[in-house]
Amino acid sequence: MTSSTTFIDRTANHVRAVLSGDGTGHDWWHVYRVWKMAQRIGQAEKVDPLVVELAALLHDIADWKLHDGDSTVGPQMARDWLNTLGLDPGITEHICQIIANISFKGTRVEQPTLTLEGKVVQDADRLDAMGAIGIARAFAYGGAKGQAIYDPACKPTEHRTAEAYLKGGPTINHFCEKLLLLKDRMNTVTGKAIAEGRHQFMEGYLRRFYEEWEGG
Ligand code: ADP
Ligand code: NI
């Protein structure tokens, strides 16, 4: 019988090979951090650890933003991989459903309901968009997309559709449009506690940013 550890190790190796070389913040090390954080958050919840770990590992195998807004590519690539492992079809279905539903698509875009395992992975993914690493990832993403760092004339907006969110703007706007909202959107008690510290760090960073912009 194949053990959970083998499924997880094989999946980690597969994802690492597929994502190596990404420069948009959706690289293997993002996945690695989400995987470790999902394990940590999952320990405090009654979850199926195999589903949490495989969904965390496969959640960005093909991000919709990097595939012309197509959100079917990721779940399909995950399914193709999971089918090679010979998992119980119910588990594969659950993991693909999580991958299809966890991504943030705009402030005013409604989020689908998630299972507990989905909530854990979503919290882990969101935490990696916050704090010191979240700041680094935002500027890496903005640079890859050719966005300005900041433009005082360009105000942040609330995106009502995924298409509008995809367009982007100056990276500093992304803090108001998404990153500072995440703390109040966490699903789990553990996730909320970790988000609090990361949120405060981003607020301090932004205060310094605006100060320095004006010669402070
Ligand atoms: P999710 O992980 O929920 O799919 P995203 O893919 O939207 O979230 O975000 C992944 C990373 O890309 C995050 O670190 C996020 O801050 C960054 N990112 C997404 N859109 C932008 C943007 N317009 N400007 C800067 N960074 C962005
Ligand atoms: Ni992610």
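The values are calculated or read from the model by the stated rules, or taken from the named source; none is laboratory data. In this text, all values refer to a predicted model and were calculated from it rather than measured experimentally. Counting neighbours? That spans all protein chains shown, and the Cβs are built from the backbone with ideal geometry, glycine included. Only protein heavy atoms, including side chains, enter the accessible area calculation; ligands, DNA and RNA are left aside. Shrake-Rupley method; radii C 1.70, N 1.55, O 1.52, S 1.80 Å.
Of Glu53, Glu196, Glu117, the residue with the greatest mean-square motion in the GNM of the chain, using alpha carbon springs below 10 Å, is Glu196. When all protein chains stay in place and ligands, DNA and RNA are ignored, the 1.4 Å accessible-area order of Thr190, Thr84, largest first, is Thr84, Thr190. Across the protein chains, with a 1.4 Å probe defining accessible surface, the residues Ser20, Ser3, Ser103 rank Ser20, Ser3, Ser103 from largest area downward.
Of the accessible area of the chain, computed with a 1.4 Å probe over protein heavy atoms only, carbon and sulfur atoms account for 52 percent.
Taking every alpha-carbon pair under 8 Å whose residues sit at least 6 apart, the chain reaches a relative contact order of 20 percent.
Among Gly191, Gly169, Gly143, the largest mean-square fluctuation in a Gaussian network model of the chain, built with springs joining Cα atoms closer than 10 Å, belongs to Gly143. Assign one of three labels to the stretch 126-186, namely rounded, prolate or oblate, based on the Cα gyration tensor with a ≥ b ≥ c the square roots of its eigenvalues; rounded applies when a/c is under 1.5, prolate when it is not and a/b is larger than b/c, and oblate otherwise. It is oblate, given that a/c is not under 1.5 and a/b is not larger than b/c. Counting 0.36 nm for each residue step from Gln200 to Arg10 and taking away their Cα separation leaves a gain of 64.7 nm.
A helix-only calculation puts the chain at -19500 deg cm²/dmol for mean residue ellipticity at 222 nm, using -39500 (n - 2.57) for each DSSP H run of at least four residues, averaged over all residues. Taking only alpha carbon atoms, the stretch 146-216 gives an Rg to Rh ratio of 1.02, where Rh is the Kirkwood radius. Only alpha carbons enter this Debye calculation for the chain, each as an equal point scatterer, and the log10 of I(q)/I(0) it gives at q = 0.15, 0.17 Å⁻¹ is -0.96, -1.22.
Springs join every pair of Cα atoms under 10 Å in this Gaussian network model of the chain, and among Thr115, Thr11, Thr171 the largest mean-square fluctuation is at Thr115. Charges were assigned to the Cβ only: +1 to each Lys and Arg, -1 to each Asp and Glu. The resulting dipole of the chain about its Cα centre is roughly 320 debye.
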